[in-house]
Amino acid sequence: MMPSFMPDLSLDSLWPGMIAFAILVLSDYALTIACASLYQKHVRATIVFEGSYEITPQYQRDIDALKLVSPRLVFSLAVYLILLALAWRFVRASFPQLYSFVLGGTIACLATAQRHRELAWKAAPDHHDSASAPASS
């Protein structure tokens, strides 16, 4: 095995993991709001979803109301960041792979942000390539 000259930023410092997680959570929410707005303005007359555009029950009211700031999201983000900080502080020293697994798992769950970007691009009123629109998830 070759020696590594690059520091493992996810283990050497608390901040990279927390910042990456917060950026992904906030961008996911912002993109969900953008796509829900596009749906309400341009698509709802053609395609009707039963229930809410948002699939996560605790955020449905905020997304349906197109709230830019969700108290539930802020609270959830704070709780997750505290849990990540606790995992980094207490687990990293004895079992660093577990912290990396926890951080990677939480970030992987937010991979839906890319899906929001794709859907927003396809649903934009000035984008006319509807034949290649992605299938709904």
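Overview of results
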{"item": "Filter pass, Leu73 being under 20 Å from Leu110 (Cα atoms), modelled with pLDDT of 85 or more and touching a Phe, Trp or Tyr at 6+ places or on another chain (Cβ under 6 Å)", "result": "yes"}
{"item": "Residues that are assigned to a loop (DSSP other than H, G, I, E, B) and either closer than 18 Å to Cys109 by Cα or not acidic (Asp, Glu) (or both), drawn from region 19-54", "result": "Arg44, Ala45, Thr46, Ile47, Val48, Phe49, Gly51, Ser52, Tyr53, Glu54"}
{"item": "Answer from Val102, Val48 - the residue that is at pLDDT below 85 and closer than 30 Å to Leu14 by Cβ", "result": "Val102"}
{"item": "Flag if Val69 is part of a helix (DSSP H, G or I) and hydrophobic (A, V, I, L, M, F, W, C)", "result": "no"}
{"item": "Unmet criterion (only one of (1) more than 27 Å from Leu103 (Cβ to Cβ); (2) under 18 Å from the mean Cα position of the chain (by Cα); (3) modelled with pLDDT of 90 or more; (4) not polar (S, T, N, Q)) for Ile33", "result": "(1)"}
{"item": "Subset of region 77-99 (residues that are among the hydroxyl-bearing types (Ser, Thr, Tyr) and buried (at least 16 other Cβ atoms within 10 Å of the Cβ))", "result": "Tyr99"}
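The values are calculated or read from the model by the stated rules, or taken from the named source; none is laboratory data. Everything quoted here is computed from the prediction, not taken from an experiment. Quick reminder, even Gly has a Cβ in these numbers, built from the backbone with ideal geometry, and neighbours come from all protein chains shown.
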